[in-house]
Amino acid sequence: MKSKKLISIVIPVYNEEEGLPELLKRILKFIKSFSIYSFEIIFVENGSTDKSYVVLSQYAHRNKQIKVLQLSKNFGTENGIEAGIHYAKGEALVIMMADLQEPLSLIKDFINKWEQGYEIVYGIVRKRTASFFRNIFSVLFYKTINLLTGNMFPENASDFKLIDKKVYEIINKMSEQNKYLRGLIIWTGFKQIGIPFNREKRYAGKSKADFKTVIGIVFNAIFSFSYVPLHIMSIIGIIVTIFSSALMLLYLYLFIVYGQVTPGIMTIIMILLFLFGILFLFLGIISEYLARIYNEVKKRPLFIERNKINL
């Protein structure tokens, strides 16, 4: 008898105590209805301050398919997913969030595409339930990041995806400290396709992605996959140099021809303020790249484990 293919599902968790029972109920129902495959569900508990780990451990002790990795603190969603990928054993791996905004039924479509030969299958958000401003921000993010990276990122692609074992094994070998998994997975270049879906409202609780977290993701995406900011600095530097040189030549011409130059102290002040503004902007951009280099040199672990169940 041919053995079933194993599919790993990795779910990062942070303060999701309210919604976990419903999530587990739906997942267990789903894998039971899709019994032609074997499943392992790896929950990465990211140092929650509520009873998320208690809820997960209760289910894990009753069902060996449910595996739990508790981290010592909140290392962030990206590193949480990375921790789950580290322990995955499946021939394919599904990444999903714990907020029940993504339909589990889509996993079947992911697997069907995978069986057709696609090594990366991602969900494309067709309908969002977020606020107007959040949606506008998302549109601007994709426009900006694709402008800077040469249309590398599929627009409205979500973190809900399936990747083949060969893909996640490559991700595991990468030693980067500031991993932007959505970008790295696409970057590998394997055969990929997107499937549209409607994102539902959160089942319980509130989103843990505050403004600071979102900005951090944006910065990580830009500075991990694009040198364009450095190129822009060079271009602006050349333009400012040409402008400043032309202005100096103009003042020199006026002095030689007319013997004097109108004082224009405000003009000088405005030019200096402009130049200092450009200078500090450039220093900020350089600092972002230097901070990432510094972080890489330290070689600290991406995550620290506290407890494991069924792993």
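The values are calculated or read from the model by the stated rules, or taken from the named source; none is laboratory data. In this text the structure is predicted, and so the values were computed from the model without any measurement. Please note: Cβ atoms are built from the backbone with ideal geometry, for glycine as well, and neighbour counts cover all protein chains shown.
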Given Pro103, Pro12, which one is assigned by the TED database to the domain that holds Val125, buried (at least 20 other Cβ atoms within 10 Å of the Cβ) and out of contact with any Leu (no Cβ under 8 Å at 6 or more places or on another chain)?
-> Pro12
Given the conditions (1) modelled with pLDDT under 70; (2) surrounded by 11 or more Cβ atoms within 10 Å (Cβ to Cβ), which single one is not true for Tyr289?
-> (1)
Qualifying residue in the stretch 44-58 (condition: assigned to a strand (DSSP E or B), in contact with a Leu (Cβ under 9 Å, 6 or more places away or on another chain) and within 21 Å of Gly183 (Cβ to Cβ)) = yes
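Looking only at the stretch 24-41, which residues are out of contact with any Phe, Trp or Tyr (no Cβ under 6 Å at 6 or more places or on another chain) and either surrounded by 19 or more Cβ atoms within 10 Å (Cβ to Cβ) or outside the structural domain of Gly80 (by the TED database) (or both)? Step through it out loud before you land on a result.
Initially, the stretch 24-41 is screened for residues out of contact with any Phe, Trp or Tyr (no Cβ under 6 Å at 6 or more places or on another chain), giving 25-30, 32-41.
Once the filter is applied, which keeps residues that are out of contact with any Phe, Trp or Tyr (no Cβ under 6 Å at 6 or more places or on another chain) and either surrounded by 19 or more Cβ atoms within 10 Å (Cβ to Cβ) or outside the structural domain of Gly80 (by the TED database) (or both), the stretch 24-41 yields Ile27, Phe39, Glu40, Ile41.
Within the stretch 145-154, is even one residue at pLDDT below 75, hydrophobic (A, V, I, L, M, F, W, C) and over 14 Å from the mean Cα position of the chain (by Cα)?
Narrowing the stretch 145-154 to residues at pLDDT below 75: 145-154.
Narrowing the set further to residues that are hydrophobic (A, V, I, L, M, F, W, C) leaves 145, 147-148, 152-153.
Narrowing the set further to residues that are over 14 Å from the mean Cα position of the chain (by Cα) leaves 147-148.
Yes, the stretch 145-154 contains a residue that is at pLDDT below 75, hydrophobic (A, V, I, L, M, F, W, C) and over 14 Å from the mean Cα position of the chain (by Cα).
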Among the residues of the stretch 123-137, is any at pLDDT 85 or above and either over 16 Å from the mean Cα position of the chain (by Cα) or small (Gly, Ala, Ser) (or both)?
-> yes
Select from the stretch 18-41 the residues that are in contact with a strand residue (DSSP E or B) (Cβ under 8 Å, 6 or more places away or on another chain) and among the hydroxyl-bearing types (Ser, Thr, Tyr) and list them in ascending order.
-> Tyr37, Ser38
Every residue from the stretch 154-170 that is part of a helix (DSSP H, G or I) and surrounded by 20 or more Cβ atoms within 10 Å (Cβ to Cβ) = Val167, Tyr168
